[in-house]
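Q: After the structure tokens below, expect a handful of questions from me.
The values are calculated or read from the model by the stated rules, or taken from the named source; none is laboratory data. These figures come from a predicted structure and were not determined experimentally. Heads up, the Cβs are rebuilt from the backbone with ideal geometry, glycines too, and the neighbour counts pull from every protein chain shown. Please note that ligands, DNA and RNA were not included when accessible areas were found on the heavy atoms of the full protein model with its side chains. Shrake-Rupley method; radii C 1.70, N 1.55, O 1.52, S 1.80 Å.
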Amino acid sequence: MKNVFLFLGIFLCFSLAAQENRSYSRLNMASSPFVVEDNYLSKHDIVYLSPTQLEAEGFPMGNGDMGGMIWNHENGIELQVNKNDLWTSLMPEEENASALKHAARLKIDFGLPVFSWIHLKDFEGRLSLKNGEAGYRADTPFSRTCIKTWLAHGKNVWVIECENLPDAAGTEGNSVATITLERLGSRAFARWYSGGFPKDPAVGIGETEAGKRGNDMVIEEKGNGLHFAVACRIVQGDMAPALLNTHTVEQKTDKDCFTVLLSVATDRESANPVVEQAVKLLDEAESTGLEQLKKEKDEWYSAFWSNSFMKLGDDYLENIYYLRRYLMAAGSQGEFPVTFNGGLWRWNRDVMNWITPHHWNTQQQYWGLCAQNDCQLMVPYLDTYFKMIPAAQALAKEKGASNDALQITEAHCFTGEQLSTDWESMKNNFTPASQIASLFWDYYEFTDDEDFLREKAYPFMKKAANFYLDKLQWDERKKEYYSSNPQLRAYMIQKRK
């Protein structure tokens with residue numbers, strides 16, 4: 001048994017590695033005074049000894065851009081597929097804001113209660129942080145069932161490996177599974193605390209078209225300014241899909257062991273038609289081979305975990321630290337920052353209370369990432385706000401600042417719309433730009449990346465500072481003006497009363 005010394009906060013931030021590699025390189029920690037056992041992370045796995053009863057109890061999965069929650073139902077599993085960039089255009093029915101939509105839901109039904117607690121001899125559900133995999137195994141009088149699931153790294157393909165071995169006495173050796181792909185959009189219920197959500201349940205349903213491409217099931221969505229497709233394939237499946245309606249398509253298999261592949265493609269990523277692009281992702285996954293994809297995923301996670309280690313001596317706090325680090329790796333590698341209100345792990349269709357990003361909440365996902373040597377996971381946040389500079393400059397000019405200033409409102413869209421400019425509760429909140437600027441500086445401090453400082457951090461910080469300078473100077477001029485005009489000053493005092 002190798003000793004792991006109590007060490008409060010070992011964060012190995014090597015600036016050269018950070019500058020040369022935008023993705024993780026394996027660090028051997030040669031300078032550390034201890035050795036960490038390979039199985040150390042397993043103590044922080046999430047383990048269920050009985051099946052989940054609620055979608056919200058599911059396991060969070062993701063490769064940084066695509067992900068979702070996966071949970072049990074009595075006859076199998078269900079999951080909701082989400083993606084980082086499925087932000088709508090402004091929706092008048094939803095507070096005239098933008099919402100992050102889900103891509104689809106997948107259900108696998110083995111036709112027997114393989115996860116019914118009444119019939120269980122044995123059960124385990126496990127989310128393995130070490131390699132980003134989730135799995136379920138169960139033993140019932142009907143069958144022995146094992147499911148393993150993971151996402152390819154750098155490729156938007158979700159893999160679900162299924163084994164359901166029937167007990168001849170309970171099922172006569174027959175097993176037919178049904179795989180259902182559906183997309184039913186919904187309202188976002190934006191205002192949450194104060195109500196005000198759309199009363200029409202048709203809001204948000206979208207323009208879904210379910211269909212088939214050969215033996216692949218597909219979903220295409222064109223509503224609310226979005227255009228994306230989801231493709232689903234049963235590897236070596238020999239039964240044709242059946243189109244149930246415009247929202248749902250299903251396929252059956254009589255194989256005891258089968259693998260389901262899911263992919264998502266959007267028009268933001270490719271000029272190719274989205275359905276063809278989604279099917280192409282499945283073709284490429286099969287061509288590369290699932291063993292190779294799994295190896296690449298495992299190598300990425302091995303490098304990722306090698307970059308930072310913490311032992312606190314308190315299992316509960318350690319669980320939080322390692323789960324949070326896993327969630328950021330699984331959710332913050334797409335085009336946009338991970339959303340504070342659910343990330344990639346929302347499960348209730350398109351429900352997304354508060355919907356549009358609020359910066360006070362968004363920034364909290366990124367506090368401390370650099371200190372734990374996860375500067376790479378900051379990139380979606382920094383890139384998004386750097387691209388927002390033109391819109392932020394326009395707002396600063398509207399507020400009376402110079403052309404070399406910027407201002408960002410608390411509520412905004414990642415595409416630049418500043419939504420809370422005139423909100424009574426938010427219009428005088430001038431803090432987001434300074435909060436964002438501090439994280440630009442945080443990234444530079446931990447990477448020593450002078451190119452980043454010169455090209456991105458310093459321009460953003462300077463423009464943010466200029467707004468506050470202009471604001472202070474304008475307030476001082478206003479004060480002097482009122483002082484020199486007693487009647488106007490008296491009028492403003494009376495108005496405030």
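Q: Based on Cα coordinates alone, diagonalise the gyration tensor for the range 108-183, multiply each eigenvalue by 5, take square roots, and list the semi-axes in whole Å, largest first. Intermediate results must be reported in sequence, preceding the final value.
A: Details: eigenvalues 128, 49, 19 Å².
Rounded to whole Å, the semi-axes are 25, 16, 10.
Q: Setting aside same-chain residues fewer than 8 positions from residue 130, which lysines have a Cα under 17 Å from its Cα?
A: 43, 148, 294, 295, 297, 311
Q: May I pose another question? Per residue, how much accessible area does the chain show when a 1.4 Å probe rolls over the protein heavy atoms, in square angstrom? Display every interim value, and only then the final one.
A: Numbers: 22840 Å² over 497 residues.
Using a 1.4 Å probe on heavy atoms only, each residue of the chain averages 46 Å².
Q: Moving to a separate point now. Rounded, prolate or oblate: which fits the range 42-182, taking a ≥ b ≥ c as square roots of the Cα gyration tensor eigenvalues, rounded meaning a/c under 1.5, else prolate when a/b beats b/c? Before the final figure, lay out the partial values.
A: Values: a/c = 2.29, a/b = 1.82, b/c = 1.26.
The shape class here is prolate.
Q: Ignoring ligands, DNA and RNA, how do 43, 294 rank by accessible area with a 1.4 Å probe, largest first?
A: Ranked from most to least accessible, the order is 43, 294.
Q: On to the next question. Report, in degrees rounded to the nearest 10, the 0 to 90 angle that the Cα long axis of helix 432-447 makes with the longest principal axis of the chain.
A: Taking the Cα atoms of the chain, the angle to 432-447 is about 70 degrees.
Q: Would you rank 310, 352, 426 by solvent-accessible area, highest first, keeping every protein chain in place and using a 1.4 Å probe? List each step's numbers first, then the result.
A: Working: 310 25, 352 0, 426 45 Å².
Sorted descending by solvent-accessible area, the residues read 426, 310, 352.
Q: Report the Cα centroid-to-centroid distance between the range 342-361 and the range 377-434 in angstrom, as an integer.
A: Answer, in whole Å: 20.
Q: Round to the nearest 0.05 the FRET efficiency obtained for residue 48 and residue 398 when R0 = 45 Å and r is the Cβ-Cβ distance. Numbers along the way, then the final one.
A: Values: r = 52 Å, r/R0 = 1.16.
With a Förster radius of 45 Å, E is 0.30.
Q: Does the range 347-396 come out rounded, prolate or oblate by the C-alpha gyration tensor, with a ≥ b ≥ c the root eigenvalues, rounded set by a/c under 1.5 and, if not, prolate when a/b is larger than b/c and oblate if not? Don't jump to the answer; show the numbers that get you there.
A: Values: a/c = 2.14, a/b = 1.02, b/c = 2.11.
Note, shape of the range 347-396 comes out oblate.
Q: Hey, another quick one. Give the angle, between 0 and 90 degrees and rounded to the nearest 10, that separates the Cα long axis of helix 315-331 from the longest principal axis of the Cα atoms of the chain.
A: With rounding to tens, the tilt is 90 degrees.
Q: Sticking with this one: Compute the helix-to-body angle for 274-288: its Cα long axis versus the longest principal axis of the chain, expressed 0 to 90° and rounded to tens.
A: Long axis of 274-288 versus the principal axis of the chain: about 60 degrees.
Q: Report the extension gain between residue 215 and residue 421 in nm, rounded to one decimal, defined as 0.36 nm multiplied by the number of residues separating them, less their alpha carbon distance. Display every interim value, and only then the final one.
A: Details: separation 206, 0.36 × 206 = 74.16 nm, distance 5.00 nm.
Contour length minus Cα-Cα distance gives 69.2 nm.
Q: Round to the nearest 10 and report in Å² the accessible area of residue 415, as given by a 1.4 Å probe over the protein chains' heavy atoms.
A: Counting only protein heavy atoms, residue 415 exposes about 100 Å² to solvent.
Q: In nm, to one decimal, how far is the residue 244 label point from the residue 448 one, both placed 7 Å along Cα→Cβ?
A: 5.9 nm
Q: Accessible area of residue 146, 1.4 Å probe, to the nearest 10 Å²?
A: Rounded to the nearest 10, that gives 40 Å².
Q: Okay, moving on. Classify the range 260-358 as rounded, prolate or oblate from the Cα gyration tensor: take a ≥ b ≥ c as the square roots of its eigenvalues, call it rounded if a/c is under 1.5, otherwise prolate when a/b beats b/c and oblate if not.
A: Cα axes put the range 260-358 in the oblate bin.
Q: How many angstrom separate the Cα center of the range 222-249 from the Cα center of the range 298-314?
A: 37 Å
Q: Moving on to the next point. Mean residue ellipticity at 222 nm from the helices of the chain, using -39,500 (n - 2.57) per DSSP H segment of n ≥ 4 over the full residue count, to the nearest 500 deg cm²/dmol?
A: Values: 11 runs with 137 residues, N = 497.
Using -39500 (n - 2.57) per qualifying helix, the result is -8500 deg cm²/dmol.
Q: Now, a different point. So for 71, 347, 117, 441, what's the accessible-area order with a 1.4 Å probe, most first?
A: Numbers: 71 10, 347 80, 117 180, 441 100 Å².
I get 117, 441, 347, 71, largest accessible area first.
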